[in-house]
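Comments concern the structure below.
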Amino acid sequence: MADAGFDIEACLEGLRRQDERAASNFVRELYPLVLKIVRSHLPRRSAEEDLCQIVFIKILSNIAQYSGKVPIEHWVSRIAINTCLNALKAESVRPELRWADLSVDQAAVLDALAADSTELGPDDAASSRDVVETLLRALKPKDRLLITMLHLEGYSMDDVKQATGWNIATIKVRAFRARQKLKQLFQELNSQGKL
């Protein structure tokens with residue numbers, strides 16, 4: 001991910017000496033990676049800029065712990081993902097999903113999906129995404145992260161293992177249970193919509 005002209009070793013050495021210029025270059029170089037992760041796993045009540053700042057504070061304050069055994073991007077990704085998971089846990093408010101909580105467009109998309117199995121039109125894309133995000137918010141933070149990575153971002157099982165530190169068996173079981181929970185939530189919403 002880092003720019004080809006970016007000398008990570010020199011930057012890391014500068015960070016260990018607490019060089020502000022090295023820190024600025026480091027943040028500038030890795031900000032797009034962190035921002036992408038934060039946007040993918042942003043809690044409802046958090047600002048992405050605030051969460052990015054928290055991630056970089058954790059990275060810069062713990063830079064001495066970076067061993068160099070893995071690429072810096074992997075280490076940074078892991079910190080960003082764990083920070084997002086912690087923020088999702090701290091949110092701790094998981095209201096029950098109700099049909100009445102959906103917007104008119106979201107309810108229309110669910111009605112269309114329940115009525116037949118044909119594809120939705122391009123006009124329904126934004127509403128469909130909103131429905132998916134609403135359903136994902138009802139999951140536990142780790143399950144939400146896993147479903148997002150596997151099914152929305154297209155990560156492989158090995159990519160998820162690398163980013164989270166979970167083993168493949170855990171990933172498969174957690175993904176299966178999360179999909180079942182999403183299916184249950186969808187069915188509950190659908191049954192509420194049919195009076």
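For segment 166-176, backbone phi angles converted through the Karplus equation (6.51, -1.76, 1.60; θ = phi - 60°) give residue-by-residue couplings of 7, 7, 4, 4, 4, 4, 5, 5, 5, 5, 4 Hz, Gly and Pro being listed as x. Figure legend: label point modelled 7 angstrom from the Cα of residue 74 along Cα→Cβ; residues of segment 133-167 with amide N under 17 Å from it are 155-167.
In sequence order, segment 178-187 has phi-based couplings of 5, 5, 5, 5, 4, 4, 4, 4, 4, 5 Hz under the Karplus curve 6.51 cos²θ - 1.76 cosθ + 1.60, θ = phi - 60°, and Gly or Pro positions carry x. Sequentially through segment 145-153, phi angles give Karplus couplings (6.51, -1.76, 1.60; θ = phi - 60°) of 4, 5, 4, 4, 5, 6, 9, 9, 9 Hz, Gly and Pro residues having no value and appearing as x.
Only the coordinates and a few stated rules stand behind these numbers; no lab work does. Small disclaimer: the values here were computed from a predicted structure and weren't measured. Counting neighbours? That spans all protein chains shown, and the Cβs are built from the backbone with ideal geometry, glycine included.
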